[in-house]
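Contents: one structure, followed by commentary.
Just so it is clear, none of the values below were taken in a lab; they were calculated from the coordinates. Fair warning: this is a prediction, and the values are worked out from it, not measured in the lab. As a convention, Cβ positions derive from the backbone with ideal geometry for all residues, glycine included, and neighbour counts pool all protein chains shown.
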Amino acid sequence: MTTTPEWVKITRRLDAPVDQVWNMWTDPAAFSEWYGPMGMTIPVAEMDLRVGGTRKICMEMQRPDKTMRMWFTGVYKEITPTSRLVYTESMCDENGTIIPPSAMGMPEGTPEVTEVIVELRAEGGATQMTLVHRGVPAGSPGEGGWMQALDKLAARLAVE
């Protein structure tokens with residue numbers, strides 16, 4: 001019996017220096033330019049970049065009949081400048097109060113708190129990036145969202 005890993009793992013080579021890629025993950029304005037699946041914008045990106053500091057992100061999509069918003073909050077667990085970033089992620093309301101995933105239509109068993117690990121390694125003038133999102137199953141819509149976001153990141157770095 002084959003089981004799907006309960007995490008997404010994506011490795012990408014980005015044609016940009018590691019400090020520039022790090023900035024795209026840690027500067028709220030830069031993060032807002034690429035994060036989220038295609039069609040989503042980031043009107044709010046608050047980041048208190050220190051261990052124990054919090055983050056709050058709003059993803060927004062304009063639909064013909066309404067504006068859809070999804071809020072996420074988390075806490076930074078590890079920060080090693082330009083090489084490693086670890087933070088938790090949970091769905092929340094606009095005030096940052098964690099809400100159960102079921103309230104957003106997520107399937108039963110979706111964890112309330114997940115963990116994102118970003119590792120960066122300089123390779124010449126490029127960056128090798130590995131992203132792991134624990135609690136989001138491989139092959140899920142969450143993985144698809146990450147793939148789209150990282151495509152947007154690569155495109156954004158290409159014009160820097």
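Rounded to the nearest 0.05, what FRET efficiency is calculated for Met70 and Arg12 with R0 set to 25 Å and r the Cβ-Cβ distance?
That pair, Met70 with Arg12, gives E of 0.60.
Tell me the mean residue ellipticity at 222 nm calculated for the chain from its helices only (DSSP H runs of n ≥ 4, each -39500 (n - 2.57), averaged over every residue, nearest 500). Spell out each step's value before the answer.
On the way: 3 runs with 32 residues, N = 160.
Calculated mean residue ellipticity at 222 nm is -6000 deg cm²/dmol.
Please report Tyr35, Tyr76 as a ranked list, fewest other C-beta atoms within 10 angstrom at the top and most at the bottom.
Details: Tyr35 22, Tyr76 19.
Listed from fewest to most nearby Cβ atoms, that is Tyr76, Tyr35.
Which length gain, in nm to one decimal place, applies between Met61 and Thr130 when the Cα-Cα distance is subtracted from 0.36 nm times their residue separation?
In short, 22.1 nm is gained.
For Cα extents along the principal axes in Å, which listed value, (1) 49, 47, 26; (2) 45, 43, 33; (3) 56, 41, 25, comes from the coordinates shown?
Answer by label: (2).
For Met104, Met47, Met59, Met147, what's the fewest-to-most ordering of other Cβ within 10 Å of each Cβ?
Met104, Met147, Met47, Met59
Suppose a student asked you for the relative contact order of the chain, using Cα pairs under 8 Å spaced at least 6 residues apart; what percent would you report?
Computed over the chain, the figure is 30 percent.
Relative to the present Cα-Cα distance, how much length would full extension add between Met106 and Met38 at 0.36 nm per residue of separation?
Here the segment from Met106 to Met38 would lengthen by 22.5 nm.
Residue separation times 0.36 nm, minus the C-alpha to C-alpha distance between Ile79 and Ala155: what's the value?
Computed gain between Ile79 and Ala155 is 24.8 nm.
If eta is 1.567 mPa s and T is 4 °C, what Stokes-Einstein diffusion coefficient results for the stretch 22-91, Kirkwood Rh from Cα pairs, in µm²/s?
Numbers: Rh = 12.7 Å.
Estimated via Stokes-Einstein, D reaches 102 µm²/s.
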